[in-house]
Amino acid sequence: MTPADSIDFAREAIWVLLEIAAPAMIAGLVVGLAIGLLQALTQIQEMTLVFVPKIIVIFLILLISLPFAGDAMYGLMTEIAGRISAY
């Protein structure tokens, strides 16, 4: 295995990580912005108000995207196992 192969493995793993984490992170960002806007408009400055909706939305997004995440990780592992067995 060459150093270029190791870099390819790392690059593919990072892409899969981004594909899996992006939906939850984007949903958390959108909910955080919406709650922040609501707090600014209504002048409710409760610090814990942001956390509960974010946790619920991120949990639901992770639950919905679980099959996609499993498929992405399975594809990465199949690719890695194929490359390892080729050597």
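Taken together, the values in this text are just the output of simple stated rules run on the coordinates, not laboratory data. Everything quoted here is computed from the prediction, not taken from an experiment. Glycine gets a Cβ as well: all are built from the backbone with ideal geometry, and neighbour counts include every protein chain shown.
Say the dipole of the chain comes from +1 at the beta carbon of Lys and Arg and -1 at that of Asp and Glu; which of Leu63, Thr42, Gly82 then lies farthest toward its positive end?
Thr42
Quick one: putting +1 on the C-beta of Lys and Arg, -1 on the C-beta of Asp and Glu, what dipole do you get for the chain around its Cα centre, in Debye to the nearest 20?
Working: 3 positive and 7 negative charges, 43 e Å.
It works out to roughly 200 debye.
Quick check: the angle from helix 66-86's long axis to the longest principal axis of the chain, C-alpha only, nearest 10 degrees?
Taking Cα atoms only, the helix is inclined about 20 degrees.
Roughly how tilted is helix 3-42, in degrees to the nearest 10 and between 0 and 90, from the longest Cα axis of the chain?
Value to nearest ten degrees: 10.
In the chain, what GluC sites (Glu not before Pro) fall in a loop by DSSP, with at most 15 other Cβ atoms inside 10 Å? Don't skip to the end; give the middle numbers.
On the way: sites: Glu12, Glu19, Glu46, Glu79; in loops: Glu46.
Taking the chain and a limit of 15 other Cβ atoms within 10 Å, the loop GluC sites (Glu not before Pro) found are Glu46.
Binning at 5 angstrom from zero up to the longest distance, how are the C-alpha pair distances of segment 48-87 distributed in percent?
5, 22, 13, 14, 11, 11, 9, 7, 4, 3, 1
Compute the semi-axes of the equivalent ellipsoid of the chain, taking the square root of 5 times each eigenvalue of the Cα gyration tensor, and list them largest first in whole Å. Provide the component values of the computation, followed by the final result.
Values: eigenvalues 314, 36, 10 Å².
Semi-axes (√(5λ), whole Å): 40, 13, 7.
Taking the number of other C-beta atoms within 10 Å as the exposure measure, put Ser6, Ser85 in order starting with the fewest. Let's see the in-between values first.
Details: Ser6 10, Ser85 7.
In order of increasing Cβ crowding within 10 Å: Ser85, Ser6.
What FRET efficiency comes out for the pair Phe59/Glu12, r = Cβ-Cβ distance, R0 = 35 Å, nearest 0.05?
Numbers: r = 27 Å, r/R0 = 0.78.
Efficiency, rounded to the nearest 0.05: 0.80.
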